[in-house]
1. Against the 2.2 N^0.38 Å scaling, with N counting residues, where does region 2-148 land? I'd like the Cα-based Rg ratio to two decimal places.
2. FRET efficiency for residue 12 and residue 109, Cβ-Cβ distance as r, R0 = 30 Å, nearest 0.05?
3. By how many degrees, 0 to 90 and rounded to 10, does the Cα axis of helix 236-247 deviate from the longest principal axis of the chain?
4. For region 204-255, I need the span (max minus min coordinate) of the C-alpha atoms along each principal axis, in Å, sorted largest to smallest.
5. Can you give the calculated 222 nm mean residue ellipticity of the chain, where each DSSP H run of n ≥ 4 adds -39,500 (n - 2.57) and the sum is split over every residue, rounded to the nearest 500 deg cm²/dmol?
6. Looking at the chain as a GNM with Cα springs under 10 Å, which of 182, 123, 42 has the largest mean-square fluctuation?
7. What shape does region 59-101 have by the C-alpha gyration tensor, where a ≥ b ≥ c are the square roots of the eigenvalues, rounded means a/c under 1.5, and otherwise prolate means a/b greater than b/c and oblate the rest?
8. Taking Cα atoms, how many degrees apart are the long axis of helix 134-148 and the longest axis of the chain, rounded to 10 and kept between 0 and 90?
């Protein structure tokens with residue numbers, strides 16, 4: 001039986017993203033089912049396979065989108081019915097797994113998640129990870145892990161404080177890891193608590209504020225490139241993508 005180290009999976013990596021305690025990778029499965037032998041991983045991991053997955057540990061079957069979470073040291077012969085097959089792989093570092101376990105209940109045994117919301121979230125994360133939007137990858141990954149490892153009651157005080165921090169400095173684009181560290185809480189707690197309280201993510205809340213401020217600046221005659229940098233966007237193209245998505249218009253249209 002083989003033992004795979006952190007972020008090692010039986011497939012070809014297309015793009016990896018490092019977050020605090022996580023490695024999120026968009027991959028392609030290339031090892032045929034006959035060539036997969038029983039193995040385990042040093043770390044906990046989540047796998048989402050949009051075309052289905054054969055999981056000897058969690059009982060998932062081929063032919064339908066499959067989302068599996070395996071705790072550390074799970075022995076399995078998880079494999080694809082047919083390759084090549086795209087998949088999402090999230091490695092959860094031992095320290096991050098322990099923090100998650102300390103914070104609340106986590107999956108103790110291998111588990112296949114059939115919930116539509118979790119599957120849709122995993123599909124979105126795979127698309128985002130494959131296209132390289134790194135700032136969003138970590139936040140979506142923690143949201144997904146929160147769906148798989150549900151938490152109990154959340155103290156509303158740090159969640160409200162997170163909102164205040166974003167409102168105090170809306171042009172600063174914080175990652176969920178950085179914001180959670182500043183508040184002294186786990187990213188899963190922040191992600192789930194914020195959505196419960198405000199029906200959006202911390203980054204989505206901040207982005208809406210920054211888009212509104214950018215639109216006001218453009219309407220007053222500021223140049224799109226300068227507005228993008230001043231309001232926490234990577235460049236004018238980044239601002240344009242989000243403004244078109246949220247408002248249905250481009251910066252040029254607002255400024256004309």
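1. On the way: Rg = 13.7 Å, N = 147, 2.2 N^0.38 = 14.7 Å.
Normalised Cα radius of gyration, region 2-148: 0.93.
2. Numbers: r = 29 Å, r/R0 = 0.97.
Step by step, r from the Cβ atoms, then E = 0.55.
3. 90
4. Each principal axis gives a Cα extent; for region 204-255 these are 26, 20, 17 Å.
5. Numbers: 10 runs with 116 residues, N = 256.
-14000 deg cm²/dmol, from helical runs alone.
6. 182
7. prolate
8. Roughly 50 degrees between the two axes.
Read-outs throughout are calculated quantities, based only on the coordinates presented, and are distinct from any laboratory measurement. Small disclaimer: the values here were computed from a predicted structure and weren't measured. Backbone-built Cβ (ideal geometry, glycine too); neighbour counts: all protein chains shown.
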